[in-house]
Amino acid sequence: MSGIKLISTGSALPVREVTNFDMEKLVETSDEWISTRTGISARRFCSGEECHTSLCLAAARQALERSGLRPEQIGVCLVATLTQDTMTPSTACVLQKELGLPEDTVCFDLNAACAGFVYGLHTAECLLAAAERKYGLVIGCEVLSRITDFTDRSTCVLFGDGAGAAILEWGEDYPSLCAVMGSRGNRQVLMIPGVNTGSPNFIHMDGKEVFRFAVDVLPKCAKEVAAKAGISLDQVDRFVFHQANQRILDYAIKKLKIDPARCVGNIARTGNTSAASVPLLLDELVTSGALRSGQRALCAGFGGGLTWAGALLQLA
Ligand code: ACO
């Protein structure tokens, strides 16, 4: 079997913290409504010089430094996002220059919304199998505050900004991610207009439908990954699920009958950071020692598209 292992992680959050009490000053809402419906207490928003590129760079540099690798050893650089600073150059191309990655590094951004980072893991696994240099950099980054309608209380309280990065190594005797991925085209449930549509590119969401979709697809996806890997869910050390809503996570924990202690999240402090949420949490788990060498994390994301993806990632 061939596959990838996680070598190191990095992350970057904007300095400015916006609490639910701050949100109360913007729209008719309350800390009580937000925290009981979503589990969110605060989120971070970019301010001043902070931007998508600066978050990606900070997270990538931290992951690279922790890996002990040189930029010349990276063969693939992917950025999962839907809020990049420029449509072209892609953020991955900007990183190629800023980090000093070789010019023949495969660099591109990919959009699979909140499932993007896990899509990126599997894409990197496939590309690295054919690459000369066996190390990959995968980043999930969003600046959702740029596409949030701060007059719409049903969405603006949910989202946050941030970036998480992972350095991966491909090996012939490394475990496969056993990735499971899916998509279901749907414009009604979750939509962000693109360029030239004449509409501001704000997030439009039918929260109830997203909720229904998530509680259906997340437990199925986790079970399918474990089945593909030939293990039981008890053998998974950590569950790193997209942090969209604590109630969705609680439902999945119950449905999967897993120990909540192995599915601890960070939504209370970050809000929903879309493609950044899985790598941000992964970084927290690795740096706190909650995910240790040789242990396996079942990562899963779901979101706009609609998309979903799951993968079993082992820490080297
Ligand atoms: N503060 C106070 N009241 C509010 C707020 C708010 N921020 N937002 C909505 N309400 C009101 C509504 O107007 C409604 O009032 P009404 O009964 O008088 O009409 C009431 O609260 C209930 O609204 P619902 O939409 O029914 O609330 P629900 O319990 O479904 O919770 C929520 C809404 C939190 C959005 C939930 O549906 C949810 O979490 N869905 C999943 C969303 C999600 O995960 N999105 C992430 C994917 S998108 C991405 O990542 C890019």
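Every number in this text was worked out from the coordinates using simple rules, so none of it is lab data. Remember, predicted model here, so these are calculated numbers, not experimental data. For neighbour counting, all protein chains shown are included, and Cβ atoms are generated from backbone atoms with ideal geometry for every residue, glycine included.
In terms of overall dimensions, region 1-91 has a Cα radius of gyration and Dmax of 17.8, 55 angstrom.
Selection among Ala316, Ala300, Ala276 by position relative to the dipole of the chain gives Ala300 as farthest towards the positive end (Cβ unit charges, Cα centre). Distance between the C-alpha centres of region 1-34 and region 205-246: 19 Å, rounded to the whole angstrom.
Fully extending the segment from Arg292 to Ser30 would add 90.5 nm, taking 0.36 nm per residue of separation and subtracting the current Cα-Cα distance. When Rg and Dmax are taken over the Cα atoms of region 177-316, they come to 15.5, 50 Å. Comparing Ile147, Gln62, Val118 along the charge dipole axis of region 28-174, the residue lying farthest to the positive side is Gln62, per the Cβ-charge model. Quotient of the Cα radius of gyration of region 204-245 and 2.2 N^0.38 Å, N being its number of residues: 1.39.
Spin-label model, Phe211 to Phe21: label points 7 Å out along the Cα-to-beta-carbon direction sit 2.7 nm apart. Couplings 3J(HN,Hα) for region 188-196, derived from phi with the Karplus relation 6.51 cos²θ - 1.76 cosθ + 1.60 (θ = phi - 60°), are 7, 6, 8, 8, 10, x, x, 5, 6 Hz, where x marks Gly and Pro. Simple rule: put +1 on each Lys or Arg Cβ and -1 on each Asp or Glu Cβ in the chain, find the dipole, and look at Ala261, Leu291, Gln73; the Cα lying farthest toward the positive end is Ala261.
Across region 284-299, rounded Karplus estimates of 3J(HN,Hα) from the backbone phi angles (6.51 cos²θ - 1.76 cosθ + 1.60, θ = phi - 60°) give 4, 5, 5, 6, 7, x, 6, 10, 10, 3, x, 7, 10, 10, 8, 9 Hz, Gly and Pro being marked x.
Pairs Lys97/Lys134; Lys25/Lys208; Lys228/Lys254; Lys25/Lys220; Lys25/Lys255: which exceed 29 Å Cα-Cα?
Among Lys97/Lys134; Lys25/Lys208; Lys228/Lys254; Lys25/Lys220; Lys25/Lys255, the Cα-Cα distance tops 29 Å for Lys25/Lys220; Lys25/Lys255.
Could you tell me whether region 157-222 comes out rounded, prolate or oblate from its Cα gyration tensor? Rule is a ≥ b ≥ c as square roots of the eigenvalues, rounded for a/c under 1.5, then prolate if a/b exceeds b/c, otherwise oblate. It is prolate, given that a/c is not under 1.5 and a/b is the larger ratio.
Please report, in debye to the nearest 20, how large the charge dipole of region 169-316 is about its Cα centre when each Lys and Arg carries +1 at its beta carbon and each Asp and Glu carries -1 there.
On the way: 16 positive and 13 negative charges, 109 e Å.
The dipole magnitude comes to about 520 debye.
Report, in debye and to the nearest 20, how large the dipole of the chain comes out about its Cα centre when Lys and Arg carry +1 and Asp and Glu carry -1 on their Cβ.
Working: 30 positive and 34 negative charges, 168 e Å.
Here the chain has a charge dipole of around 800 debye.
Taken over region 44-83, the ratio of Cα radius of gyration to 2.2 N^0.38 Å equals 1.36.
Computed from the Kirkwood radius of its Cα pairs, the Stokes-Einstein diffusion coefficient for the chain at 37 °C and 0.692 mPa s stands at 171 µm²/s.
For the chain, what relative contact order do you get, as a whole percent, if you take Cα pairs closer than 8 Å and at least 6 residues apart? Spell out each step's value before the answer.
Details: 790 pairs, mean separation 84.7, N = 316.
The value is 27 percent.
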